[in-house]
1. Among residues belonging to segment 27-57 that are over 18 Å from residue 97 (Cα atoms) and touching a strand residue (DSSP E or B) at 6+ places or on another chain (Cβ under 6 Å), point out the one that is surrounded by the most Cβ atoms within 10 Å (Cβ to Cβ).
2. Quick check on this structure: which one of 115, 122 is more than 17 Å from residue 79 (Cα to Cα), in contact with a helix residue (DSSP H, G or I) (Cβ under 8 Å, 6 or more places away or on another chain) and at pLDDT 95 or above?
């Protein structure tokens, strides 16, 4: 079995530096064998939100771009998890839950498909350990006009 870093590389991805909070909260909390990751927006490798990932999914942001934004959010979640626990291969027991917030245009109801960008990446990288419970909601606005925000909970060693 290959490592998470090797699977990332095979997908042409790398974990970004864990982003600093944009308000008065901490990026993660470890409580016993759980790590709860605060909502992560779709910052790219340059630490900015690309124009195609800003705004309303189903409006100025396509569903496909929204799905790509959710994938970026998942990468940022994993960066925070690595900051919390160090070696992901050693520490991660299970992705327990993902919560997705989609900055949705009025009438856009395909939010579950957008959130699959995050869910799919967890399974690609963690296999069965990446299968999780999930909630996804469409919202009126998100911080920094991000198209997607993802929060998470992991069981760790």
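1. So the first thing to find is which residues in segment 27-57 are over 18 Å from residue 97 (Cα atoms), and the list is 42-57.
Restricting the remaining residues to those that are touching a strand residue (DSSP E or B) at 6+ places or on another chain (Cβ under 6 Å) gives 42, 49, 55-57.
On the way: 42: 31, 49: 22, 55: 19, 56: 20, 57: 27.
The residue in question is 42.
2. Just a single option satisfies the conditions, and that option is 115.
The values are calculated or read from the model by the stated rules, or taken from the named source; none is laboratory data. Predicted model only: the values in this text are computed from it and were never measured. FYI the Cβ positions are ideal-geometry reconstructions off the backbone, even for glycines, and counts take in every protein chain you see.
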